[in-house]
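Presented below is the structure to which this report refers.
The values are calculated or read from the model by the stated rules, or taken from the named source; none is laboratory data. Everything numeric in this text was worked out from a predicted model, so none of it was measured. Cβ coordinates were reconstructed from backbone atoms using ideal geometry, including for glycine residues, and neighbour counts include every protein chain displayed.
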Amino acid sequence: MFVRMAYWNCRPECWGEDRELFESFAVPTMTGHDGFVRAMLLATPNEAQRIAFTLWTDRAAYDRFVASPDLQKITDKFAHMYIEGAVPDPVEYEVRAHGPDA
């Protein structure tokens, strides 16, 4: 398995809109890609930082998604929310171990 965690800062007035757009656009877009497993949007109330957590079956599946135009489409769709126009900063991880699914 492979994880991408993208960190970004969201304008305060977009609280709620970020979740709606994530659920209505980002997740359905990723769902169309082979190897997509799960996505979550993480945030602390009253703080700007967001973390988009995505899980893929393997690095190759993730790389195919990144090579497609869909990642840029998602980034562009959220662009009006980014503070100072700073796009998400991704960190990528190989999953080394995990417990049972909940």
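Here is how the numbers come out for the structure above:
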{"item": "Subset of the stretch 62-102 (residues that are of a type in the set (Lys, Arg) and touching an Asp or Glu at 6+ places or on another chain (Cβ under 8 Å))", "result": "Arg64"}
{"item": "Unmet criterion (only one of (1) among the charged types (D, E, K, R); (2) exposed (fewer than 15 other Cβ atoms within 10 Å of the Cβ); (3) closer than 17 Å to Arg4 by Cβ) for Asp101", "result": "(3)"}
{"item": "Counted residues, the stretch 84-102 - those being assigned to a helix (DSSP H, G or I) and either within 15 Å of Ala52 (Cα to Cα) or basic (Lys, Arg) (or both)", "result": "0"}
{"item": "Top-ranked residue in the stretch 21-42 [being touching an Asp or Glu at 6+ places or on another chain (Cβ under 8 Å) and closer than 22 Å to Arg59 by Cβ; ranked as modelled with the lowest pLDDT]", "result": "Gly32"}
